[in-house]
Amino acid sequence: MYNIKYHPLIEDDLKKLNNSVRIEVFKKLKKIQISPELGELLGNKNGMNLSGLRKMYVSKKQVRIVYEIVESMIIVKVLVIGKREDMLVYKQALLRKDDTN
């Protein structure tokens, strides 16, 4: 089982979601913790290099969890949780990718 490390802004991301979606997010995070390879690889999205990141859908594909697997440390870094609207979730992932502690 992998440890999950959250980006400091994940709490803000979760506050934007309603309670039922938050419950779904936590269920998906549990699945990611056990089998992180289940997430779909990202790559390039609208000119953004998101190579090495994965996404998992929540709430009928309305919300995405974007994360990175760090095999050497057996960690899953959750970078952003949010809606795809205007590619915002991917833009945030790109900004947060190198901003994790």
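The values are calculated or read from the model by the stated rules, or taken from the named source; none is laboratory data. Not measured: the values here are computed from a predicted model. Please note: Cβ atoms are built from the backbone with ideal geometry, for glycine as well, and neighbour counts cover all protein chains shown. Surface areas here come from the heavy atoms of the whole protein model, side chains and all, with no ligands, DNA or RNA. Shrake-Rupley method; radii C 1.70, N 1.55, O 1.52, S 1.80 Å.
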*Of all accessible heavy-atom area on the chain, the percent that carbon and sulfur account for (1.4 Å)*: 50 percent
*Find which of Val58, Leu38, Ile69 sits farthest along the positive direction of the dipole of the chain, computed with +1 on the beta-carbon of Lys and Arg, -1 on that of Asp and Glu, about the Cα centre.*
Val58
*Find the accessible area per residue for the range 6-101; the probe is 1.4 Å, ligands and nucleic acids are left out, and the unit is Å².*
59 Å²
*Is the chain rounded, prolate or oblate when judged by the Cα gyration tensor, a ≥ b ≥ c being the square roots of its eigenvalues, rounded requiring a/c under 1.5 and prolate requiring a/b larger than b/c?*
rounded
*Cβ charges +1 (Lys, Arg) and -1 (Asp, Glu), total dipole of the chain, debye*: 380 debye
